[in-house]
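Below: the structure, in structure tokens.
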Amino acid sequence: MNNSELYNYTLRLADNALILGQRLSELCSKGPFLEEDLAQTNIALDYIGRAQSLYNYAAQLSGKPLSEDELAYRRAENNYYNVLLVEQPDEDFAHTIARQFFYSVADCLFYAELTKSKNETLASIAKKVIKESKYHLNHSSDWVKRLGGGTELSHEKMQNAVNALWMYTDELFEIDDIEHKLIKEGVAVNSSNHKSLWLAEVTEVFKEAGLSVPENNFMMTGGRSGNHSEHFGHLLSELQYLQRAYPDATW
Amino acid sequence: MVNTKLNSNHVFNLISEIPDPEIPVLTIKDLGILRDVKWMDNSYQIDITPTYTACPAIPFISDEIKRILNDYGIQNYKLSVVYEPAWSTDLLTTEAKLKLKQYGIAPPMHTSCAKKLDASKQVQCPRCNSHKTTLLSQFGSTACKALYTCKSCKEVFDYFKCH
Ligand SMILES: [Zn+2]
């Protein structure tokens, strides 16, 4: 494959979208109330649609007769390259919101840049995606403010979720040899430049929400190279069940 | 069977009246989903675009297009889903917006005047025309809608979000 870096890069983007979409879709019919149930499943659908267009492109790049579904449903755990943040479970609604907020701030910065990529396919997907990302960010930052500035209990839960997920935020800005090469070609986004912007935006919302930015500097990483947290296998067993039991199932 | 070559405008018209499966008062032409039909390399190049990346209507619409073309004996075509330029509610015609309102869905404002959804007074109730409305939920029954409440007639209604 001539495009192995581009293939891996596209797969990482697709995996982030698929796994976050899967986590959010687990909330279907279990949302805290009806409107929010609809909101979370709508957001989940946006991510799954995004994953589908990216897997479609990755399948073309692979040079093999792969389908989107094979990429999405039939790889082994260590062949998924999503960041650890998106696979973290929904311990409570505050965790869902903290995960979404951290991810969406980074996602908006990332996809706004990707619209300028020299790779036409990625740029055109990004132009579509960025509109949805902004909507997700509005939604999650509103909730951070509501829960952070709400009752004593909602504040405590929100702060706990922020503290628990903080260690997964550094990985959002990691770049390695794959990105270095593609950044030189004008294809990839240099997300390592986004960390200070991200922190500034998070800090501003936290200020309004009365939440404190964790001081803990211990950071977890590994998802982007296929080393996942213990939750990931459980997520995959549900995600992959149907395609494993009935390969190429259609309806 | 039609053997003579139809011009691409004619093919466009054949498929333009396909209704959107979720908002059947609007056609794929009204919504701007059907983007273009061109004659190139001895076949019709048909471009459609999704409203949202995960728009579930795309497979339905594609099947409808194939069915209609098949009915007219047209075999030489290529159907592509294009993402660029990204779909926007600004593509909706004035006529389409009026049809939406009559159907009970408040039509989208122009994207330039609504950067962020809030309890904006500008969303007008499609039933009683009151401007006293509030945002109930940013997300509605489909990806393209949000839920509002009218304080005048007390009804809940869908707003087609600007996008
Ligand atoms: Zn009313």
Have a look at A:Leu71, A:Leu147 and point out the one that is closer than 25 Å to B:Leu136 by Cβ, part of a helix (DSSP H, G or I) and of a type in the set (A, V, I, L, M).
A:Leu147
Checklist (1) under 19 Å from A:His234 (Cα atoms); (2) open to solvent by less than 60 Å² (accessible area, probe 1.4 Å); (3) within 17 Å of the chain's Cα centre (by Cα) applied to A:Glu77, failing item:
(2)
Among the residues of the stretch B:44-57, which ones are over 11 Å from the mean Cα position of the chain (by Cα) and within 12 Å of chain A (Cβ to nearest Cβ)?
B:Thr53, B:Ala54, B:Pro56
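Sort out which residues of the stretch A:113-144 are more than 14 Å from chain B (Cβ to nearest Cβ) and assigned to a loop (DSSP other than H, G, I, E, B), and write them in order of number. Break it down into steps so the answer makes sense when it comes.
Kept after step one, since they are more than 14 Å from chain B (Cβ to nearest Cβ), are these residues of the stretch A:113-144: A:113, A:118, A:144.
Result: A:Lys118, single match.
Hey, any hits in the stretch B:122-134 for a residue that's away from the ligand (no atom under 16 Å from the Cβ), open to solvent by less than 60 Å² (accessible area, probe 1.4 Å) and at pLDDT 85 or above? Steps first, please.
If we filter the stretch B:122-134 for residues that are away from the ligand (no atom under 16 Å from the Cβ), which is where we start, we get none.
No, there is no match, as no residue in the stretch B:122-134 is away from the ligand (no atom under 16 Å from the Cβ), open to solvent by less than 60 Å² (accessible area, probe 1.4 Å) and at pLDDT 85 or above.
Identify all residues within the stretch A:75-109 that are polar (S, T, N, Q) and in contact with a His (Cβ under 6 Å, 6 or more places away or on another chain); write none if there are none.
Within the stretch A:75-109, just A:Ser104 meets the criteria.
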Would you call B:Lys78 in contact (Cβ under 8 Å) with a residue 24 or more places away in the chain, in a strand (DSSP E or B) and of a type in the set (Lys, Arg)?
yes
Testing B:Val25 on (1) assigned to a helix (DSSP H, G or I); (2) within 29 Å of B:Asp158 (Cβ to Cβ), one condition comes back false. Which one is that?
(1)
List pairs: first residue in the stretch B:121-139 and within 14 Å of chain A (Cβ to nearest Cβ) and small (Gly, Ala, Ser), second residue open to solvent by 40 Å² or more (accessible area, probe 1.4 Å) and more than 9 Å from the ligand (Cβ to nearest atom) anywhere in the structure, Cβ distance under 9 angstrom, at least six positions apart or on different chains.
B:Ser137/A:Leu34; B:Ser137/A:Glu35; B:Ser137/A:Leu38
Count of the stretch A:186-237 residues which are in a helix (DSSP H, G or I), of a type in the set (A, V, I, L, M) and surrounded by 16 or more Cβ atoms within 10 Å (Cβ to Cβ)
5
Check on B:Pro108, within 14 Å of chain A (Cβ to nearest Cβ), touching a Phe, Trp or Tyr at 6+ places or on another chain (Cβ under 6 Å), away from the ligand (no atom under 16 Å from the Cβ) and outside any strand (DSSP E or B)
yes
Hits in the stretch A:150-185 (condition: surrounded by fewer than 20 Cβ atoms within 10 Å (Cβ to Cβ) and assigned to a loop (DSSP other than H, G, I, E, B)):
A:Gly150, A:Thr151, A:Glu174, A:Ile175, A:Asp176, A:Glu185
Among the residues of the stretch B:140-159, write down those that are free of Cβ contacts under 8 Å to residues at least 24 places away in the same chain, away from the ligand (no atom under 12 Å from the Cβ) and assigned to a strand (DSSP E or B).
B:Leu147
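The values are calculated or read from the model by the stated rules, or taken from the named source; none is laboratory data. Since we're looking at a predicted model, the values are computed, not measured. Cβ coordinates were reconstructed from backbone atoms using ideal geometry, including for glycine residues, and neighbour counts include every protein chain displayed. In case anyone asks, the SASA skips ligands and DNA or RNA and just uses the protein heavy atoms, side chains included. Shrake-Rupley method; radii C 1.70, N 1.55, O 1.52, S 1.80 Å.
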